[in-house]
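Undergrad: One structure coming up, written as structure tokens, with questions to follow.
The values are calculated or read from the model by the stated rules, or taken from the named source; none is laboratory data. Model, not experiment: these values are computed from the prediction. Don't worry about glycine lacking a Cβ; one is built from the backbone with ideal geometry, like all the others, and counts go over all protein chains shown.
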């Protein structure tokens, strides 16, 4: 089994990766840190991955996030994915990211998903919160890091 931690560079995602690494050591399970980097430049700006004036290069973002993960969890396996756009007209970039995380979790047969989110367990959540939609999948347990430390 594998522990999976989606990572976007946010403080709560960093906390989730650290906790996944600690848990992986305790349970002697491998940890995969997954970064999903869409082609959507506006999404990248919202996440703070690039400045408004800078050209968006998903590969550069992946490399930077991989270096961060290497510092946070040196024994973890880093994996970067680019989501395929959905065929649904109502699908959004967060939907595509969510779908990609779920696909990777199934592929890896993840036993626990470590999510950094301050609102993953609330009934009313913002639509941009990916963590809130990952908690309802019965295929894996979910650990929610709601504090950065």
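Undergrad: Quick check on the range 81-88. Is at least one of its residues touching a strand residue (DSSP E or B) at 6+ places or on another chain (Cβ under 9 Å) and under 19 Å from residue 145 (Cα atoms)?
TA: No, the range 81-88 has no match at all.
Undergrad: Follow-up. Would you mind finding the one in 141, 136 that is modelled with pLDDT of 75 or more and farther than 14 Å from residue 11 by Cα?
TA: From the options 141, 136, the qualifying one is 141.
Undergrad: Checking the structure you have, find out if any residue of the range 51-65 is surrounded by 14 or more Cβ atoms within 10 Å (Cβ to Cβ), within 15 Å of the chain's Cα centre (by Cα) and in contact (Cβ under 8 Å) with a residue 60 or more places away in the chain.
TA: For the range 51-65, residues surrounded by 14 or more Cβ atoms within 10 Å (Cβ to Cβ), within 15 Å of the chain's Cα centre (by Cα) and in contact (Cβ under 8 Å) with a residue 60 or more places away in the chain: absent.
Undergrad: A follow-up question, please. Considering only residues that are over 14 Å from the mean Cα position of the chain (by Cα) and assigned to a loop (DSSP other than H, G, I, E, B), which ones fall in the range 24-48?
TA: Passing the criteria: 28, 29, 39, 40, 48.
Undergrad: Can you tell me which residue in the range 100-128 is nearest to residue 33 (Cα to Cα), limited to those that are within 11 Å of the chain's Cα centre (by Cα) and at pLDDT below 90?
TA: Residue satisfying both the conditions and the ranking: 116.
Undergrad: Kindly indicate the residue of the range 77-107 that is in contact with a helix residue (DSSP H, G or I) (Cβ under 6 Å, 6 or more places away or on another chain) and not in a helix (DSSP H, G or I) and also farthest from residue 12 (Cα to Cα) among those meeting that condition.
TA: Only one residue tops the list, namely 86.
Undergrad: For the range 12-23, check the following and say yes or no: at least one residue is in contact with a helix residue (DSSP H, G or I) (Cβ under 6 Å, 6 or more places away or on another chain), closer than 22 Å to residue 111 by Cα and outside any helix (DSSP H, G or I).
TA: Checked against the condition, which is being in contact with a helix residue (DSSP H, G or I) (Cβ under 6 Å, 6 or more places away or on another chain), closer than 22 Å to residue 111 by Cα and outside any helix (DSSP H, G or I), the range 12-23 yields no hits at all.
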